[in-house]
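I have placed the structure first, in the form of C-alpha cells, so that the comments after it can refer back to it.
Nothing in this text is a laboratory measurement; each read-out follows from the coordinates by a stated rule. If you're wondering where the values come from, they're calculated on a predicted model, not measured in any experiment. Glycine gets a Cβ as well: all are built from the backbone with ideal geometry, and neighbour counts include every protein chain shown.
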Amino acid sequence: MRGLTATIRAHGLKVPDDIQVVGFDDSTIASMADPPLTTIRQPFDGIARHLVDQLMQLINGSQPLGITLPCELVVRQTTR
C-alpha cells in the first residue's frame, strides 16, 4: 500500500481526489497506512468454520454445499 500511494503522489496525483484505492482482507496495516486504506473485510472465522464443515462432509462421503458469507466494506481515507 505504501508503495502504491507514494507512486500516485510521485506522479502529482492525490488519493482519493484523483485516484481512489480499495484493498482486500482488512489487515492491521490497512488502518495504519498513509492515508488509511479503504478495504473489504472478510469473515475469517466463518470461512474457517465452513471449510472444516466441508472437510467433515467429504470425510463422511457427502458432497459439501457451497456457501456465501457476507463481506464488509470498511471505508477509510482512500475513497470518498
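Couple of notes before you dig in:
- Distant alpha-carbon pairs in region 2-74 (separation over 16 angstrom), percent: 62
- Relative contact order computed over the chain (Cα-Cα under 8 Å; 6+ residues apart), in percent: 36
- Relative to the longest principal axis of the Cα atoms of the chain, the long axis of helix 44-59 lies at roughly 30 degrees.
- Neighbourhood net charge (9 Å Cβ-Cβ; Lys/Arg +1, Asp/Glu -1) for Gln42: -2
- The distance between label points at Met56 and Thr7 comes to 4.4 nm (points 7 Å beyond Cα on the Cα→Cβ vector).
- Taking the helices alone, the chain has a mean residue ellipticity at 222 nm of -11000 deg cm²/dmol, built from -39,500 (n - 2.57) per DSSP H run of at least 4 residues and averaged over all its residues.
- FRET efficiency for Met32 and Leu69, using Cβ-Cβ distance with R0 set to 41 Å, rounded to 0.05: 0.95
- Residue (of Ile67, Ala30, Gly12) at the positive-pole extreme of the chain, dipole from beta-carbon charges: Gly12
- Taking label positions 7 Å along the Cα-Cβ direction at both Asp17 and Thr79, the computed distance is 2.1 nm, reported to one decimal.
- Relative to the Cα centre, the charge distribution of the chain, modelled as +1 at Lys and Arg Cβ and -1 at Asp and Glu Cβ, gives a dipole magnitude of about 200 debye.
- Each Lys or Arg adds one and each Asp or Glu subtracts one; over the other residues with Cβ under 12 Å from the Cβ of Asp18, this totals +2.
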